[in-house]
Structures are given as C-alpha cells and as structure tokens.
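Reading through the structure tokens given below for one structure.
The values are calculated or read from the model by the stated rules, or taken from the named source; none is laboratory data. Since the model is a prediction, treat every value here as computed from it, not as a measurement. Glycine gets a Cβ as well: all are built from the backbone with ideal geometry, and neighbour counts include every protein chain shown.
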Amino acid sequence: MTWELIYAIIVTCLFLGMVIYTIVSKSKNKSEKEDIERKRIEIMFSQIKPHFIYNVLNTIYYLCEKDPAQAQKAIEEFSDYLRANLDSVSADQIIPFEQELNHINNYLYLEKLRFEDELRIEYDIKTKDFMVPPLTIQPLVENAVKHGLRGSEEGGTVTISTSQGEDGYTITVSDNGVGYDPHYKSKDTKGRTHVGLANVRERLALMCGGTLDIYTAEGSGTKVTVKIPAKEKKKGRS
C-alpha cells in the first residue's frame, strides 16, 4: 500500500468523522433555520456513498503503480470533493455558481477516471454570474451520470448548460440515457435518488426561491431544469 492511498484513506476517515461531529453539534443548537439545516444535512448524507468512495480509492490504488502523477492529481480532486461536501453542512447562504461548478468538475474528474470514454461531458455555460444554494446542482449531475450510463454499452453523454433571461437564470442538466419513471422507487436505492431530488427542490425554494423540474420518460433520457430568480443574484457570500 503506497503513501498516496494511505493519505486518501486518512482524508476519507477524517471527512466522515467531521461530518458526524458537525451533525451532532447542530442537533444541540437548533435555530429558526432548522428546516434548511435539516435538508442540508440530509443531502450531505445522501452524498456519502460508500460505493463511490470505494471506487475512487480503488482507482487511486490502481493509478499509484500505473501513473503516480495521475494518482496524486486524483487525490487532490478527491480531497477537494470531500471538502466541498463538508463545507455544505456549515454553509447557510447561497454561493456563486462558479463555486458549485468547481465542485461538479471535481466529481466528474473522478468519474471520468473510472468510466473513461464511456462518460462524455458537454458544457454550454453562457453565464456564471449568479448564486445557488450549495450542493444543489452537483447531485443533479451525479444522477445524470447514473442514469446516462445505465443500460447502454456505448456509455452516455451528460450535458450541463446555463443561460440568463429577463426573470433570472436557468441551469439544465440532461443525459441521453434510458430515462426512468420519476415516481418509481427501486428496491436497490430505496428511493434515495428521489429523496435527494426532493431535498434539492426544497432547499432551492427555501434559500433562493428557485424551482426544479424533471422531464424524463423510460427510453428517452432525462432533463432537469433549475430556475433561479434574478433578484437573488447579489445575495450570499462572495
């Protein structure tokens, strides 16, 4: 076992320990923002996916011998990914979209290491000058990767786009996968995907008056559209 893998394991353990500590601390200090905090913590837990962490560590382990430089880069991206998830627990304000986009890029870098050419990413970012609740767009991208690659030997394409209109900003995350029934809760996930989307929708509404709509059907891919009112542009941290 190389020092790179040991470091990655230590970072993961520290991350999980800090999550537990943060949740316990918050449970003892309830405030008027309790509902937002509860939703944030629920999404935080939904992001701690043992299979994803295991797959990343396994990929880093493989790269330590094949390509040490890339292994080191993967550890850096993984650390940034974990840090962003942890920061979302304590964040009580909306953040610049560009910050959320960086988190998305960390996540997609790790998934590309695993899926390589099976996962194709397309960007159509026309604007970054707006704010979003933390950890709201990245879970949508994660769902798109899952559904975009499912059931296809050729892999799939995930497209992320943004645009600005008179009333505000639109973020779209779509995939060309097999689609799904949004009301169906599969036995293997116990509905976690759908619970996660419901939490994202609620946090968008509570924190910035945003909305989330899903357009999907079995066999025709999935498109998720988030709308952020223009009046929220200057709120939150810079």
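Assorted remarks:
- Some residue of the range 86-101 being farther than 15 Å from VAL226 by Cα and under 10 Å from the mean Cα position of the chain (by Cα): no
- Any hit, the range 57-72, residues being of a type in the set (Phe, Trp, Tyr), in contact with a Leu (Cβ under 6 Å, 6 or more places away or on another chain) and in a helix (DSSP H, G or I): yes
- Of all residues in the range 207-222, those that are surrounded by fewer than 17 Cβ atoms within 10 Å (Cβ to Cβ) and modelled with pLDDT of 85 or more total 5.
- Remark: pairs (first residue in the range 64-80, on the phi < 0 side of the Ramachandran plot; second residue among the acidic types (Asp, Glu) and assigned to a helix (DSSP H, G or I); Cβ separation under 7 Å; 6+ apart in sequence or on different chains) = CYS64/GLU4; ALA71/GLU4; GLN72/GLU4; ILE75/GLU4.
- Flag for LEU113 being over 26 Å from VAL200 (Cα atoms), at pLDDT 85 or above and aliphatic (A, V, I, L, M): yes
- Only one of VAL200, VAL195, VAL173, VAL145 that is modelled with pLDDT of 95 or more and outside any loop (DSSP other than H, G, I, E, B): VAL173
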